[in-house]
Amino acid sequence: MSKIKVYDFEERLIENLKNDPKYLKGFKNYIIKEYKKDRDLKSLKANLSVILKAQRNISKLSKETKLSRANIYRILSSEVDPSIGTMRAILNFLGFDIDFVKI
């Protein structure tokens with residue numbers, strides 16, 4: 001009897017982000033749109049973590065931002081709240097920029 005592969009949601013999402021540049025672009029647009037609506041930093045960091053896992057870029061991010069891999073994982077898992085400079089470095093690495101607007 002053959003075994004059935006069961007995917008969890010994050011595993012499937014990571015696979016799609018790895019294999020489809022249009023999907024990745026759409027996901028990036030979606031998470032920014034959602035963050036602008038709800039300002040949920042924990043959710044934003046979780047989604048950024050998924051992108052980094054899909055792109056397998058934690059080591060490269062660590063080198064470019066001079067943050068330790070352990071610190072990056074703590075930031076993205078919401079164990080610590082990063083400074084705005086650290087968050088900006090992570091966002092810039094992923095192709096985003098922080099835009100401040102008066103509210």
Check your understanding: Rule-of-thumb check for the range 9-93: C-alpha Rg over 2.2 N^0.38 Å?
Key -> 1.05
Study note, to complete from the structure: Interchain or sequence-distant (5+) residues whose placed amide H lies within less than 5 Å of the amide H of Ser78 are none
Point to revise | For the range 56-103: rounded, prolate or oblate by the Cα gyration tensor [a/c cutoff 1.5] | key: oblate
Revision key, fill the gap. Diffing the range 89-103: the Karplus 3J(HN,Hα) column from phi (6.51, -1.76, 1.60, θ = phi - 60°), in whole Hz with x for Gly and Pro, holds 4, 5, 5, 4, 4, 8, x, 10, 9, 8, 10, 9, 10, 6, 10
Review point. Which order results if Glu10, Glu79 are arranged by neighbouring Cβ count within 10 Å, fewest first?
Key: Glu79, Glu10
Exercise for review: State which stretch of the chain is the longest one without any exposed trypsin sites (Lys or Arg not before Pro), exposure meaning a DSSP loop state and at most 16 other Cβ atoms within 10 Å.
Suggested key: 67-101
Review point. Among Asp97, Asp40, what is the fewest-to-most ranking by other Cβ atoms within 10 Å?
Key: Asp97, Asp40
**Study point:** For the range 11-26, 3J(HN,Hα) per residue [Karplus equation, 6.51 cos²θ - 1.76 cosθ + 1.60, θ = phi - 60°, Hz, x = Gly/Pro]
**Key:** 4, 5, 4, 4, 4, 5, 5, 5, 9, 9, x, 5, 5, 4, 4, x
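We did not get these values from a lab; they are worked out from the coordinates using the rules stated. None of the values given here were measured: they were computed from a predicted structure. Note: ideal-geometry Cβ built from the backbone for every residue, glycine included; neighbour counts use all protein chains shown.
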